[in-house]
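The values are calculated or read from the model by the stated rules, or taken from the named source; none is laboratory data. Only a predicted model underlies this, so the values are computations on that prediction, with no experimental measurement involved. Every residue, glycine among them, receives a Cβ derived from its backbone with ideal geometry; neighbour counts consider all protein chains shown. Just so you know, the surface numbers come from the protein's heavy atoms only, side chains and all, with ligands and any DNA or RNA stripped out. Shrake-Rupley method; radii C 1.70, N 1.55, O 1.52, S 1.80 Å.
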Protein chains: 4
Amino acid sequence: MTLRIGVIGTGVMGADHARTIRRHVARAEVAALCDPDADRAGVVAGEIAGARLFSDPLALIADPGIDAVVVASPDETHAECVLACIAAGKPVLCEKPLAAGAADCLRVVEAERAAGRRLVQVGFMRRFDPAYNEMRQRLASGDFGEALMLHCAHRNASVPAFFRSLMSITNAAVHEFDIVRWLLDAEIVEIEVMKPRPTRSSAAADPLFIVMRTDKDQLVDVEIFMNAGYGYDIRTELVCEKGTLTMAPPVHAEQRIGGTQRFPFAPDWRPRFAEAYRRQMQAWVDSIGTDRPVGAGAWDGLVATAIAEAGVRAFEEGGVIKVALPRF
Amino acid sequence: MTLRIGVIGTGVMGADHARTIRRHVARAEVAALCDPDADRAGVVAGEIAGARLFSDPLALIADPGIDAVVVASPDETHAECVLACIAAGKPVLCEKPLAAGAADCLRVVEAERAAGRRLVQVGFMRRFDPAYNEMRQRLASGDFGEALMLHCAHRNASVPAFFRSLMSITNAAVHEFDIVRWLLDAEIVEIEVMKPRPTRSSAAADPLFIVMRTDKDQLVDVEIFMNAGYGYDIRTELVCEKGTLTMAPPVHAEQRIGGTQRFPFAPDWRPRFAEAYRRQMQAWVDSIGTDRPVGAGAWDGLVATAIAEAGVRAFEEGGVIKVALPRF
Amino acid sequence: MTLRIGVIGTGVMGADHARTIRRHVARAEVAALCDPDADRAGVVAGEIAGARLFSDPLALIADPGIDAVVVASPDETHAECVLACIAAGKPVLCEKPLAAGAADCLRVVEAERAAGRRLVQVGFMRRFDPAYNEMRQRLASGDFGEALMLHCAHRNASVPAFFRSLMSITNAAVHEFDIVRWLLDAEIVEIEVMKPRPTRSSAAADPLFIVMRTDKDQLVDVEIFMNAGYGYDIRTELVCEKGTLTMAPPVHAEQRIGGTQRFPFAPDWRPRFAEAYRRQMQAWVDSIGTDRPVGAGAWDGLVATAIAEAGVRAFEEGGVIKVALPRF
Amino acid sequence: MTLRIGVIGTGVMGADHARTIRRHVARAEVAALCDPDADRAGVVAGEIAGARLFSDPLALIADPGIDAVVVASPDETHAECVLACIAAGKPVLCEKPLAAGAADCLRVVEAERAAGRRLVQVGFMRRFDPAYNEMRQRLASGDFGEALMLHCAHRNASVPAFFRSLMSITNAAVHEFDIVRWLLDAEIVEIEVMKPRPTRSSAAADPLFIVMRTDKDQLVDVEIFMNAGYGYDIRTELVCEKGTLTMAPPVHAEQRIGGTQRFPFAPDWRPRFAEAYRRQMQAWVDSIGTDRPVGAGAWDGLVATAIAEAGVRAFEEGGVIKVALPRF
């Protein structure tokens, strides 16, 4: 009855996933942790009674005591782990990106198809965020008419010095690439990347302004600002024929102090999306063994990566770039 | 490893608790359900694989396959069930009120003391609500200075016709009686109940306006309005020496439609406090077997009931009534 | 065509009124200023071309070049000035309070009655504030049903050391005494003054909590906090049978900076109510020579003072004090 | 001392300006009204004692009893009226646009230069709106660092059936063309007009999405939606290096009713910008006879029109169009 989960990678995201399962997820347990860095894995294991330690991800995946796998290892290892899970017939929740490039994503898609059943979920957790879900439900109600435009802002307080311009597209905007498709139930067909006056707080081209068009002719604009300074702030306004829907960040208590009336921002994405991560994990656990998969699948992972690749070209070459997807 | 919980009562609250455990609580399971109404219990059991059905609460409590008990049966049965749990040495989470009157609450308090360890938690779920917790943490930070006043509003959209005036105190305001003590870390010593002009939507004296004083000389006012019409709305503003903290109701997406910019209200307390109920249950499960109890204990249950009894006298007699607590 | 106004008193309020007329009021001019402190008057006169200077208020009032008078001299001189205006048949806008006590207010009321026409307006400027007006209009629309309760907060960032406890009632809460009557179209019949735990920022009994009842049985509670620390903040929530109306403070631009999303508070009442002061002055000018007086009249000034006097007794004696009004 | 103003045009805007002067502007009067439609002019004159009626704008401008002129006649007559005012040496406040095209605007600019002093103000009233002013002051404070991007939305509830797509640029977005330059203290050098999926509520290409670049390399995006359905809504968020500033629409009282917490929107631009119109008129009156002109001048009127013309090309031809300005 209790799903035995193995978590590959015990860095920031892997440790968070393991703790989420341990603390908040019904009918599941962290049965194993895997990291080449045994010290790091040991710290997490110390919080989770009964979790076995592995250093080889393939050994964890193959282990008969493991029913399902969370992949949160470095990006370049994702595809290999996920392919091994498919080969082993084990459900896998893979942190984004699904693979380092669209070509590798395609290998995963094809492997899953060959396996004949849905095994792969990609960790685009925003699909489980209450705010995005409320927006999607209101849109589906029809009360607002058709969606015409989507304005998005994706702001981090700051990023480390190693952060390069293109990571704004491949690591940050990729969340919008997925959630926009899901929210609008549409495919992104074109992308353009504009470079506003850059902040002096970073050596990167920051912020960026991305404009996309969907196959329903909707226009989507995304401000990506990795050094926005004031906090972590994700916004979106969905403009429909009869009204708009604007994401409200989660707040609990208004402070009136020091001359202002104020709400604090989350410092980074983890508190902002903690509830989304919890719901994603629970929904994944709930879906296993059913024929009702949830969340982003391998194809969604491929598409997000393909859009990111088009975005990288748009950044480098300028102009409007068409998104190229493999056909079947 | 998995806590086997028996849920007594499968009415609105019992069913909700059972579903919460099943769907959202780590390291626990609903091992049994008990209700004299077998049909009602069967509906809930149908959603929860493996739950055994009982009709006799004492049998459930005594069952060796049950590690801990949730009591959500009718109010007048609470004390008996909780006393049986204490006798069986099993942790119990009892819906409020702990017992029908302060005298019965005292029996529970004394039984638990005699048992020599904390076994009883009372379901004052607001102690686990994120908003109340943020307010309490900000107060504890010292940034706002000492708390001086607390303004509260407790509004329901409407209540059934059988709702009588005194239930505003015993069933509704009792939540404030508990949370105020917890938020201010203070005892309520006096209570007065004022009767404003009544709404024509009800035959009861509705709304009421309650003014209380704490042993720190803080003043607490609570508007209780059971037929407020527009939605379920719980508010509080904590007035401190250097600033105030105001609860913000949970919202996800602002709608702009039909001439207004708007947020919807929760229709009743369950969606408003769903997260509090989940966290309460998880925290209770987590605390079992540790020496760190959480939430409201039997004494807190007694105190809330004693304040409610003073409130009833204040309603009936007018004037300021002192809260009488037993001494040890 | 242009109304020639004489302004008596060039302290904070008098200077503000003179500047408002000069800068923002149509069909009026500051024809004269009067202050025993010639230097102070000279500073204001320097901003207002053509204003003559007086040191004797009665001479200003009597001057044939003056059509109407604004009284903003010290409180104890109000009654004498207003009576002189009535005797001279000149319209007068008198800063609150109308007179130092209800007995003196009554002399003004009787003198105006004897004069046979409305000449006196009392400067309860909140009656011209857009927020209060919107609340009153919504109430009048009937959409919200009858008003049952009114929750008010009146907070200053801080007050000078000479501020004594009773001034919270006579100088601050007096604004609520007037606006509550106007908003609810009801008379206040009872008042009680409670003393919460006091702030350590003041030697006065601060904050106070005032509870009043109207002749429609509505309950009104007012928090008066003169050293609230964080800013000038006036709030009110009108609780009706079908919904509530909550005053929103005027804001223009939300700031996201330094970890928070914030709005600044006005530092004191002048920026907060600048629009109310402008509208009050324009409405007074517009009303002169018509038979449609606006704003608070002499009787309203008397009533506010009578409630304040009952409030002072309530503060000193405790308990519920009935408001005593003269009968005619 | 009182400025005698002649108002040319008594349609919606002319009548509003005349009423604003009459009701709310110090040291000015409506001395004359001019409209070929005598009935329409008569209605306005009936509200304004002493205003003479003209049918010929040039006669009004030439009249020695007129000190200054407000031009609110049809767009195509603006240039001729303004040129006549310049020739007569009389200050003129001209509703936008200054002239039907940039070439005609240039004639005005050159005529004013030849006259040797500033006589022309263009009615871009947003420069006097409290919200835009607060944003500009905060930016000037330096606390937010440099401005990098500006996101704007300009939404009308609906527009008449005769409204054509290009009017979104020439009549609506032209306000943004001016205010953006003023807010950023920068020149717009490029413009692109994108066409999102159109609403089914209109035959026009509606909404539009405009992207502009300034000479400081800032990126400005503007959603223009003339049939947004829900109300009149003007928004802007200024994204700076250290934080953002977001316009808050003016609201006075939050309503909680019918399941939601809500604020009403203004139905159209007049209530939304009533304060801006009043301040614009007062500031114009105040500035006359001083050497400190305020508001948008003739050159600003020309620039806004030139950007609109580039926008029209961008709409028709696609791609990024450079804004062409005459050089001196």
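Tabulated data for the structure shown
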quantity	calculated
Along principal axes, Cα extents of the range D:229-305, largest first, whole Å	55, 33, 24
Carbon plus sulfur fraction of accessible area for the range B:3-122, probe 1.4 Å, in percent	53 percent
Alpha-carbon centroids, the range C:77-146 and the range B:36-102: separation in whole Å	66 Å
Cα→Cβ-extended label distance, 7 Å offset, between B:Asp39 and D:Arg23, nm	6.5 nm
D/C buried area, accessible surface, summed, 1.4 Å probe, Å²	2900 Å²
The range B:236-246 - phi-based ³J(HN,Hα) in whole Hz, Karplus 6.51/-1.76/1.60, Gly and Pro as x	7, 10, 9, 9, 10, 5, 10, x, 10, 10, 10
Selected from A:Arg113, A:Arg270, A:Arg200 as most flexible by GNM, with chain A as the system and alpha-carbon contacts under 10 Å	A:Arg200
Neighbourhood net charge (13 Å Cβ-Cβ; Lys/Arg +1, Asp/Glu -1) for A:Glu76	-4
Shape category assigned to the range A:162-268 from the gyration tensor of Cα positions, a/c cut at 1.5	oblate
Sequence of A:Thr305, A:Thr77 when ordered by accessible area, the most exposed leading, probe 1.4 angstrom	A:Thr77, A:Thr305
Label geometry 7 Å along the beta-carbon vector: C:Gly289 inter-copy distances in nm	2.1, 8.9, 8.9
Charge dipole of the range A:201-328 about the Cα centre (unit charges at C-beta), most positive-ward option of A:Pro326, A:Ala308, A:Val239	A:Val239
Chain C, relative contact order [Cα under 8 Å, separation at least 6], %	19 percent
Relative contact order computed over the range D:3-122 (Cα-Cα under 8 Å; 6+ residues apart), in percent	24 percent
Square roots of five times the Cα gyration tensor eigenvalues for the range D:3-122, Å	23, 15, 12
Estimated Rh, chain D: Kirkwood, alpha-carbon pairs, angstrom	20.6 Å
Degrees, to the nearest 10: B:298-317 long Cα axis against longest axis of chain B	40 degrees
B:Glu187, B:Glu309, D:Glu80, ranked by accessible area, largest first (probe 1.4 Å)	D:Glu80, B:Glu309, B:Glu187
Which of C:Ile48, A:Ile288 is most accessible, then next, and so on - probe 1.4 Å	A:Ile288, C:Ile48
Projected-area average for the protein assembly as shown over all orientations - Cα convex hull basis, square nanometres	52.8 nm²
When each of A:Lys195/A:Lys242; A:Lys322/D:Lys216; B:Lys242/C:Lys195; B:Lys216/B:Lys322; B:Lys216/C:Lys195; A:Lys216/A:Lys242 is checked by Cα-Cα distance, pairs over 24 Å	A:Lys195/A:Lys242; A:Lys322/D:Lys216
Per-residue ³J(HN,Hα) for the range D:197-213, Karplus 6.51 cos²θ - 1.76 cosθ + 1.60, θ = phi - 60°, Hz, x for Gly and Pro	3, x, 5, 7, 7, 8, 7, 7, 6, 9, x, 10, 10, 10, 10, 10, 10
Accessible area of D:Glu95 in the full protein assembly, 1.4 Å probe (Å², nearest 10)	20 Å²
Assigned charges on the beta-carbon of Lys, Arg, Asp, Glu; the range C:3-122 dipole about Cα centre (debye)	560 debye
Pseudo-label separations to other copies for A:Lys216 - Cα-to-Cβ vector, 7 Å, nm	3.8, 4.7, 5.2
Per residue, in Å², the accessible surface of the protein assembly as shown once ligands and nucleic acids are set aside, probe 1.4 Å	36 Å²
C-alpha long axis of helix D:274-287 to longest principal axis of chain D, angle in °	50 degrees
Tensor-based shape of the range A:189-328 (alpha-carbon gyration tensor, a/c under 1.5 rounded, otherwise prolate or oblate)	oblate
Net charge of Cβ neighbours under 11 Å - reference C:Gly142; Lys, Arg +1; Asp, Glu -1	-1
For the A-to-C rotation axis, chain A residue with nearest beta carbon and its distance in angstrom	A:Arg262, 2
Distant-in-sequence amide H partners of A:Ala296 (H built 1.01 Å from N, under 5 Å)	A:Val122, A:Phe124
For the range C:256-263, Karplus couplings with θ = phi - 60° (6.51, -1.76, 1.60), whole Hz, Gly/Pro x	10, 7, x, x, 9, 9, 8, 10
CD proxy at 222 nm, helix term only [per DSSP H run n ≥ 4: -39500 (n - 2.57); per residue of chain D; nearest 500]	-10500 deg cm²/dmol
DSSP-defined antiparallel bridges as percent of all bridges, the protein assembly as shown, nearest 5	60 percent
Residue with peak Gaussian network fluctuation, chain B [Cα springs, cutoff 10 Å], from B:Lys96, B:Lys242, B:Lys195	B:Lys242
Drop in accessible area of at least 30 Å² in the complex versus isolated chain, residues of the range D:215-229, 1.4 Å probe	D:Lys216, D:Asp217, D:Leu219, D:Glu223, D:Phe225
Residue mean of other protein chain beta carbons inside 10 Å, A:152-164	1
Packing-based order for C:233-239, D:157-163, A:61-67, using average beta carbon neighbours within 10 Å, highest first	C:233-239, A:61-67, D:157-163
0 to 90° range, to nearest 10: angle between helix D:12-24 axis and chain D longest Cα axis	70 degrees
For C:Ser287, solvent-accessible area (1.4 Å; no DNA, RNA or ligand), Å²	20 Å²
Tensor-based shape of the range A:87-185 (alpha-carbon gyration tensor, a/c under 1.5 rounded, otherwise prolate or oblate)	oblate
